[in-house]
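Encoded as structure tokens, the structure appears first; notes follow it.
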Amino acid sequence: MPKFPLASCLGALAFLAAGAAQANDDLMKMAKNPKDWVMPTGDYANQRYSELKQITAQNVKNLQVAWTFSTGVLRGHEGAPLVVGNVMYVHGPFPNPVYALDLNNEAKILWKYEPKQDPNVIPVMCCDTVNRGLAYADGKIFLHQADTTLVALDAKDGKVVWEAKNGDPSKGQTGTSAPMVVKDKVLVGISGGEFGVQCHVTAYDLKTGKQVWRAFSEGPDNELLVDPEKTTDLGKPIGKDSSL
């Protein structure tokens, strides 16, 4: 029974996302504008590099605070905010609030989303109650909540468009990862390997939230969605659905 670490699955997803044929065309166009930050890592290259040139080595000493904002949650914060046009989307650790801030009006709160989650999920989280970021596409903000719920929010008003349950905290599964949009699907992993969880990466339909496929990080080939004769060859499709 072959076994592969979750990192292998995520690495495969990053490899696929790096190709223009596999990426979301709208996100690729938006990512070329350095004033926007439409993915957790900036773009599909995952380099977290900004091409903005307003701040330089010469003038950085002159930086001053323009405004500040607090999520109100006094726990570890991980992951960068998203910037789409004149709006910044900020997330927080459990209970995973999401704020839309107006950058033209000193970070005025446009809307707030705060899910109601069972606090019993907190002891199951191994490394603080962090969340590693939001994703954006198709006019939606995607959040993977601590209780494993993947939720799509309307970017304009924060209302829930759809939600999908990605795991079960009672079995040691939690949600801390940032979703990734590839073509017309939202990809998201699961946390809980330290509790013996059979971890997985799952694809959900961008518009409806319907589960399209799930690939586990260990187990038999049919659960990994790999062909043992082809998957390790980077020149061949990865998984059963090479189009994602």
Within the chain, helix-based [θ] at 222 nm, where runs of 4 or more DSSP H residues each add -39,500 (n - 2.57), nearest 500: -2500 deg cm²/dmol
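Can you compute the FRET efficiency between Trp67 and Gln198 using 1/(1 + (r/R0)^6), with r the Cβ-Cβ distance and R0 = 41 Å? Round to the nearest 0.05.
My answer for the efficiency is 0.35.
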Computed over the Cα atoms of the stretch 72-165, the Rg and Dmax in Å are 12.9, 40
Under a point spin-label approximation (7 Å from Cα along Cα-to-Cβ), what is the Lys53-Ser170 distance to one decimal in nm? 5.8
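In Å², what does the accessible area per residue of the chain work out to with a 1.4 Å probe? Before the final figure, lay out each step's value.
On the way: 13060 Å² over 244 residues.
Accessible surface, normalised per residue, equals 54 Å².
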Report the accessible area of Glu114, computed with a 1.4 Å probe over the heavy atoms of all protein chains in place, in Å² rounded to the nearest 10. 80
Alpha-carbon gyration tensor eigenvalues x 5, square-rooted, for the stretch 115-177, Å: 23, 11, 9
With a 1.4 Å probe and all protein chains left in place, how much of the accessible area of the chain comes from carbon and sulfur atoms, in whole percent? 53
I want to check the label-to-label distance for Asp25 and Lys210. Put each point 7 Å from Cα in the C-beta direction and report it in nm to one decimal. 2.3
Given N residues in the stretch 92-244, what is Rg(Cα) / (2.2 N^0.38 Å)? 1.13
If you bin the C-alpha pair distances of the stretch 53-124 every 10 Å from 0, what whole percents do you get? 16, 39, 29, 11, 4
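How far, in nm, would the chain grow between Asp102 and Lys230 when pulled straight, counting 0.36 nm per residue and subtracting the alpha carbon separation?
41.2 nm
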Counting Lys and Arg as +1 and Asp and Glu as -1, each charge on the Cβ, what is the dipole of the stretch 79-129 about the Cα centre in debye, to the nearest 20? 80
Suppose R0 equals 25 Å; then what is the FRET efficiency for Lys159 and Asn86 from their Cβ-Cβ distance, rounded to the nearest 0.05? 0.80
log10 I(q)/I(0) for the stretch 147-211, Debye formula on C-alpha points only (no solvent), q = 0.13 Å⁻¹, two decimals, reads -0.36
On a 0 to 90 degree scale, rounded to 10, what angle separates helix 6-18 from the longest Cα axis of the chain? 70
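The values are calculated or read from the model by the stated rules, or taken from the named source; none is laboratory data. Keep in mind the model is a prediction, meaning the values are calculated, not measured. With ideal geometry, Cβ positions are generated from the backbone for all residues, glycine too; neighbour counts draw on all protein chains shown. Quick note on the areas: whole protein, heavy atoms, side chains included, nothing else; ligands and nucleic acids left out. Shrake-Rupley method; radii C 1.70, N 1.55, O 1.52, S 1.80 Å.
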